[in-house]
Amino acid sequence: MKTPLDILRARFGFENFRLNQKEVITSVLQQRDTFVLMPTGGGKSLCYQIPALIFEGLTVVISPLIALMKDQVDALRLNGVPAAYLNSTLSFAEQESIKRQLSENKLKLLYLAPERLLRTENEFISFLRQLRISLVAIDEAHCISQWGHDFRPEYLMLSRLKQDLPGVPIIALTATADKLTRKDILEKLELKNPGVFVSSFNRPNIRYTVEPKKGNFERLVEFLSEHSNDSGIIYCLSRASTESLAADLQHHGFNAVPYHAGLEREVRARHQDLFVKDEVKIVVATIAFGMGIDKSNVRFVIHMDLPKSVEGYYQETGRAGRDGLDSEAVLFFSAGDVMKLKKLATVEGNDEQTRINYMKLDKMARYGDGVICRRKYLLNYFDEQAAENCGNCDICMTQADMFDATTIAQKALSAVVRVQERFGAGYIIDLLRGSGSEKIREEHRQLKTFGVGADIRKEDWQRYINELIARDYLRKSEGQYPLLQLGQKASAVLKGVEKVMLTQQKQTIASTRVSQEYEVDLFEQLRTLRRSLAEEENVPAYIVLSDTSLVEMATYLPHNTAEVEMISGFGEVKVEKYGRQFCEAVVQYAREKGLQSRMHLKKVKLQRKERSTKTERVSDTKHQTLELYRSGKSLPEIAAQRGFSLTTIETHLTFYIEDGTLPIDDFVPYDKAKRIRQVIEEQPDQRLAPIKEILGEEFSYNEIRMVVASMRSQRGV
């Protein structure tokens, strides 16, 4: 029996488990209810996909969005895993076909929306009871909690799962949940003595930056010009803002489209598809976009407006850098956004929910105002300890000169005391500066603190007060109109026994991160090859291979398929499907540049089993395809029966053409095969794309591959 590590390496092409994956999988394999909190990009899906391949029965995955289901299923199929989804995009015939496959035990994973599983007007749960279900996985589990940032009422129906599927273990997974939300998830799902696994929230590859909102469009254009080849998401608060900003960016020459819930469904689907397939680089969106996107090569996430909560901000920024490569999270912040959002955060007739919303918004505002490490603030919010300096946020990349601000602090604290902690920051600043505004009460004009800070600009007072809050000399109360109150450290300052040091000047310092050196031109060539392969499979490019895999190839230059196997992301099926093509591209580039393989420099060198002969390279999955073909089934019939794409089935049979088992004439007509051979022999460039370009549209990539395989067979290669 294969171990989880065997499956990780063979199916998914990764050498070792990350974070708590190994412990989580062990808990699930013990058929124990399990709760998993793991950051975006941390590999949550593998926590149930690997057990699904070990359990004999079916794993049902509850997922909130259609796009996410399709991406997950496409990725699994490319790794040779029989999986399917059932949702409203499928025709009745397609749905019935999947049900037949389920009844015949031909699928290992089935993805569903919660309403499909448990709505009362259908009998789907009764159908599932007839199957052997080994595991139920609930993705985005925070959606079940009203304390969560993305509560969905339909998720509440999942509380019935323990009654509807007794004895079936449940794994609940999320990337964003504070303590209250975690407790709520466990209670609502009625998990029995669950294994609870909380990984670090830290995303070290993301650089967090906050910039003033004033002049944000000019700064945005500057940023995008510096990232012209990168994919990114720009979040706006309103639907109108997304459309106007997308139009402005297009006017400036950027490849951008809008996305929000008010657009026609077909328009939304088209814009999303263009983005995930790298045909559009930038999506300008409301938070309606992103939860169902598994795109691993998003290099930046920009917020033009303040998010409503730290949880929402963390999840949205977490869509950057899922592949582990360096990425950016930029927030344009203005205190004015806070008041605007408080109106939206008010829930009529529900004071408790309003209080929670205000509290979350206030903590998000403190992030924007903050003077301590951005990463430390985020991690502390989720009850995780962190170093004072992360070296990869705007605060930590800024050299700050400190000055003795004890007198300034005493003036501010004294003003708060003298108005009995009953006024907000704006009022206190006006009081300190001796404002002539009518809103200043007459009795407050008689206070000793009235006008004592007139020599300091309003903007500087705002900055000083924000820093006093961050350093716990002051604090803000909760509510729609927060009041300034004394913090824990205020007393010592007022008594004159503690000195206060505040920030005076800032100067950006160089990043401490060391970028990986790789052949940039080769990386771009590999991206082009990946895109052509993705178009053939009709899947997003990042599902074929992640940018991480391409960077590894462009760094270590694998010269044969055995070396390609050592590149992360290349499991057995992907080596069979794509290994030779990527290897040929690398070898040709290396030959032109006079470079050799650098695989000996790769740190992880755990060798997989050597496969010295073609007989040993025959996998069970290829052999099953061969037997079905010999039984008289057509290629489309085999693809439908096995739950694979037609391209995968063709790839299996290409193997048998190359080893001489099957004749080329079965698949490519004689005249077409002759023309393909002629072009191949005349072409010094043996890559498929140039050959296809010469041959034209009437010739398919797979016909070319099959002829190449036949020629290799004849030459004994």
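Before we move on, is residue 366 crowded, with 21+ Cβ neighbours inside 10 Å, closer than 27 Å to residue 298 by Cα and of a type in the set (Lys, Arg)?
Considered against the rule, which asks whether it is crowded, with 21+ Cβ neighbours inside 10 Å, closer than 27 Å to residue 298 by Cα and of a type in the set (Lys, Arg), residue 366 comes out as no.
Only one residue in 224, 186, 161 is touching a strand residue (DSSP E or B) at 6+ places or on another chain (Cβ under 8 Å), among the hydrophobic types (A, V, I, L, M, F, W, C) and over 30 Å from residue 31 (Cβ atoms). Which one? Give the steps one after another, and end with the answer.
On the way: 186 fails: over 30 Å from residue 31 (Cβ atoms); 161 fails: over 30 Å from residue 31 (Cβ atoms).
Being touching a strand residue (DSSP E or B) at 6+ places or on another chain (Cβ under 8 Å), among the hydrophobic types (A, V, I, L, M, F, W, C) and over 30 Å from residue 31 (Cβ atoms) holds for just one of 224, 186, 161, which is 224.
Considering region 162-215, the qualifying strands (runs of 3 or more DSSP E), each wholly inside and each with 2 or more residues that are surrounded by fewer than 23 Cβ atoms within 10 Å (Cβ to Cβ), run over 195-198, 206-212.
Taking first residues from region 373-393 that are of a type in the set (A, V, I, L, M) and at pLDDT 90 or above and partners that are surrounded by 20 or more Cβ atoms within 10 Å (Cβ to Cβ) and assigned to a loop (DSSP other than H, G, I, E, B), the Cβ contacts under 8 Å between residues at least 6 apart in sequence or on separate chains come to 378/201; 379/201.
Within region 78-101, the residues that satisfy the criterion of being more than 24 Å from residue 536 (Cα to Cα) and more than 30 Å from the chain's Cα centre (by Cα) are 92, 93, 96, 99, 100, 101. Of all the numbered requirements in (1) in the same structural domain as residue 241 (by TED's automatic domain parsing); (2) in contact with a Phe, Trp or Tyr (Cβ under 9 Å, 6 or more places away or on another chain); (3) surrounded by fewer than 23 Cβ atoms within 10 Å (Cβ to Cβ), residue 308 misses one, and that requirement is (2). Only residues that are in contact with a strand residue (DSSP E or B) (Cβ under 9 Å, 6 or more places away or on another chain) and either β-branched (Val, Ile, Thr) or not in a helix (DSSP H, G or I) (or both) were counted across region 352-380, and they come to 3. All conditions but one from (1) surrounded by fewer than 21 Cβ atoms within 10 Å (Cβ to Cβ); (2) of a type in the set (S, T, N, Q); (3) under 22 Å from the mean Cα position of the chain (by Cα) apply to residue 21; the one that does not is (1).
Taken over region 541-558, the residue count meeting the criterion of being surrounded by fewer than 24 Cβ atoms within 10 Å (Cβ to Cβ), in a loop (DSSP other than H, G, I, E, B) and not aliphatic (A, V, I, L, M) is 1. Restricting 204, 194 to those that are in contact with a helix residue (DSSP H, G or I) (Cβ under 9 Å, 6 or more places away or on another chain), of a type outside the set (S, T, N, Q) and over 27 Å from residue 296 (Cα atoms) reduces the list to 194.
Any chance region 417-436 includes a residue that's over 19 Å from residue 482 (Cβ atoms) and part of a helix (DSSP H, G or I)? There is no residue in region 417-436 that is over 19 Å from residue 482 (Cβ atoms) and part of a helix (DSSP H, G or I).
Selection of helices (runs of 4 or more DSSP H) fully inside region 231-335 by the criterion of at least 3 residues being of a type in the set (A, V, I, L, M) and at pLDDT 90 or above returns 239-251.
Scanning region 561-582 for residues that are free of Cβ contacts under 8 Å to residues at least 24 places away in the same chain and of a type outside the set (A, V, I, L, M, F, W, C) gives 561, 579, 580.
The values are calculated or read from the model by the stated rules, or taken from the named source; none is laboratory data. All figures in this text were calculated on a predicted structure; none of them were measured in a lab. Glycine gets a Cβ as well: all are built from the backbone with ideal geometry, and neighbour counts include every protein chain shown.
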